[in-house]
Structures are given as C-alpha cells and as structure tokens.
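Asker: The structure under discussion is supplied below as structure tokens; questions concerning it will follow.
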Amino acid sequence: IQLAAFGHPAFTLADQYPATAGKRGTVRLAAPPNGQISALGIRANGNSFTTIPAIQSGAGGGSMAHIAAGGGWRSIFYVVNLNSVTSNVTLKFFDDSGAPLLLPLTFLQSGATTTAASITQTLTAGAVLLLETQGTGAQVMLGSAQLSSDHGASGFALFRYDPSGQEATAPLETRNAPAYVLAYDNTAPLATGVALANLSNQPATVGLILRDDKGGVLQSSSLQLPANGHSAFV
C-alpha cells in the first residue's frame, strides 16, 4: 500500500482484497524501513460497529480486564500465534472473587463445544484461535481473562449484547505500569463504566484519584480486589 507523507487510506478488506471474502484470518502490516505507521480495524456487525486493535508482534501474553456471558451477553476471543514456530496458548477465566470461572465455550472454527475455566490449544505459526462464550440463562457472568503462551501469542476479546448487536473491544493488556489513567465523561446522557482485574495471586489495594477536567481533585479513594479478582461498575 502506497501512502503519501502523513497520508491515510481506509477501505473494506474484502473489497480491496477479495481473497479474504468469507474467511477468517490475519493481516500483517509491515512498516516501511524508514517510516512509522499506525493501524486500526473496524468491524461491522449489522448496524453496529466496533474497533479492532492492531496486535503488536512480540507479545507473550497478558490479560483482558472484562468479559461477560449470559443474560444476552457473549464474549468472543481472538488469539493469534505471532511466532514463526508452533506455540501452546492458554486462556484462563476468573470471576469477581478470583475463583476459576466455568464458561460454556464454542470453538468457532470447528463448532466443538466444552465447559471449562481454562483451555490450552496448540497453534501453528500465524494461526488464529476463535473462541466464544455465550451463557444460555438470564444470569450474567462477569470476570476477566488471562492469556499465556510458550512462544508468543496475542489477541483481544469482544463482548457483545445480543439484543442490540452492540459490541465493545477488550484489548489484551501487556503492560505493567505503576498507574493507568482513564478519561471519563459523565455529562448527560453519557455514563462511564470501569473494569479492573487483579492479575496477581495475592489480594490487591488499588488507589484511585478522581479529577475534574481542569485537574482538580474530586476524591481520593481505594478499591480492594481479591487475588485474580475483578470489579466492574459505573
């Protein structure tokens, strides 16, 4: 793809590359030797849209801070083997208390089903694993997911509300920063939700500083999370 200086293209993948029509897979976008690029995918699901994050090569694993299943919700996991050799990848699911979260799972490529709190699959170089969890009852199961691999894998999750078809992306977090900042907007009719996951096998205290848009401190607080625990709130 030829790009002008500071240029930008946007296109539907199957229109520009018909070989991808009706298929699942990956697109690797190579940066020019002396340049820099950024990339974003946009997924259309009927009248709803969501973004697909670009997966950076070299990630060995990470976490997805929010997953949901049941009560009209489903989560879909996309895991890619980024290495040039076969890799074993493991997804583990945890509930709010940090206990293993048993989920009904469907392997979208084969149609096979199982119920588990952890799955391990062998992926060849460049291969993708697509896994969906969809609760059948009215109860909503919430939690987080952790991804690990022996040779380098990455991915993301989508959680979807079936009555509207609306989806949102839960990117794979691979950083270990001392703090993270979320910009919020609670001006009507907007409301901001927050999801947190403890990736440690020890209880954690998360400090919070809430500010207004001028930087003034509104409140200082803390939140207790159990080992491998999860919290989601408005």
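The values are calculated or read from the model by the stated rules, or taken from the named source; none is laboratory data. Quantities reported herein were computed from a predicted structural model and do not represent experimental measurements. FYI the Cβ positions are ideal-geometry reconstructions off the backbone, even for glycines, and counts take in every protein chain you see. Quick note on the areas: whole protein, heavy atoms, side chains included, nothing else; ligands and nucleic acids left out. Shrake-Rupley method; radii C 1.70, N 1.55, O 1.52, S 1.80 Å.
Asker: With segment 85-191 as the region, which strands (runs of 3 or more DSSP E) entirely inside it contain at least 2 residues that are of a type in the set (A, V, I, L, M, F, W, C) and open to solvent by less than 60 Å² (accessible area, probe 1.4 Å)?
Answerer: Counting at least 2 such residues, we get 87-95, 103-107, 118-123, 128-134, 141-149, 153-161, 166-171.
Asker: Same structure again: From the set of residues in segment 13-43 that are among the hydroxyl-bearing types (Ser, Thr, Tyr) and at pLDDT 95 or above, which is nearest to the chain's Cα centre (by Cα)?
Answerer: Applying the filter and picking the extreme gives 20.
Asker: I'd like the full set of residues that are open to solvent by 100 Å² or more (accessible area, probe 1.4 Å), of a type in the set (Val, Ile, Thr) and part of a strand (DSSP E or B), limited to segment 192-234.
Answerer: Hit for segment 192-234 is 209, nothing else.
Asker: I would also like to ask the following. Restrict the check to segment 146-154 and report whether at least one residue is touching an Asp or Glu at 6+ places or on another chain (Cβ under 8 Å) and of a type outside the set (Lys, Arg).
Answerer: Checked segment 146-154: no residue is touching an Asp or Glu at 6+ places or on another chain (Cβ under 8 Å) and of a type outside the set (Lys, Arg).
Asker: Restricting attention to segment 70-128, which residues are touching a residue at least 60 places away in the same chain (Cβ under 8 Å), of a type in the set (Val, Ile, Thr) and more than 18 Å from residue 160 (Cβ to Cβ)?
Answerer: If the condition is that a residue be touching a residue at least 60 places away in the same chain (Cβ under 8 Å), of a type in the set (Val, Ile, Thr) and more than 18 Å from residue 160 (Cβ to Cβ), then 80, 85, 86, 89, 128 are the ones that fit.
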